[in-house]
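Notes follow once the structure below has been shown.
Rule-based calculations on the coordinates, nothing more; no lab input. Values in this document were obtained by computation on a predicted structure and should not be read as measured data. Methodologically, a virtual Cβ is constructed for each residue, glycine included, from the backbone with ideal geometry; neighbour enumeration extends over all protein chains shown.
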C-alpha cells in the first residue's frame, strides 16, 4: 500500500507559523459583528438603521450641556440646548409637565372649563 500512497514524512512538512493568526482575525470580526447586533437589539436602536424612520436623541455631556439630534430619512440636524437662550412670544398655555423622582416627565393637559 505504501507504493501507491506517497505521504511526506512528518518532519518534512513545513507549517506556516502565521496561519493561526488569520483564523483569529476572522473570529474577531465575527465577534464584533455579533456584539453590534446584540447592542442594537438590547437598546432597541433598530430605527437608526431604517432609512424611513425618524429618530430623535438627546445627548448630555459631563458638563451638563445637552444636544438634540434628529434624523428624518437621510437628513440629520443637531440643536444645542443652552440656558442662555430665553424663548418668548405670544402663545397659549397647553398644560403642565411634571418630572418624577425617577427622571420621567409626564405632561398633563389642562381641561377647558367651557366644556363642562
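Within the range 58-81, track down each residue that is farther than 26 Å from residue 46 by Cβ and either touching a residue at least 60 places away in the same chain (Cβ under 8 Å) or surrounded by 10 or more Cβ atoms within 10 Å (Cβ to Cβ) (or both).
Correct list: 65, 81.
If you check residue 52 against the conditions, is it touching a residue at least 12 places away in the same chain (Cβ under 8 Å) and either surrounded by 10 or more Cβ atoms within 10 Å (Cβ to Cβ) or not in a loop (DSSP other than H, G, I, E, B) (or both)?
No: the conditions fail for residue 52.
Kindly establish whether residue 24 is free of Cβ contacts under 8 Å to residues at least 12 places away in the same chain, exposed (fewer than 10 other Cβ atoms within 10 Å of the Cβ) and in a helix (DSSP H, G or I).
Spelling it out, residue 24 is indeed free of Cβ contacts under 8 Å to residues at least 12 places away in the same chain, exposed (fewer than 10 other Cβ atoms within 10 Å of the Cβ) and in a helix (DSSP H, G or I).
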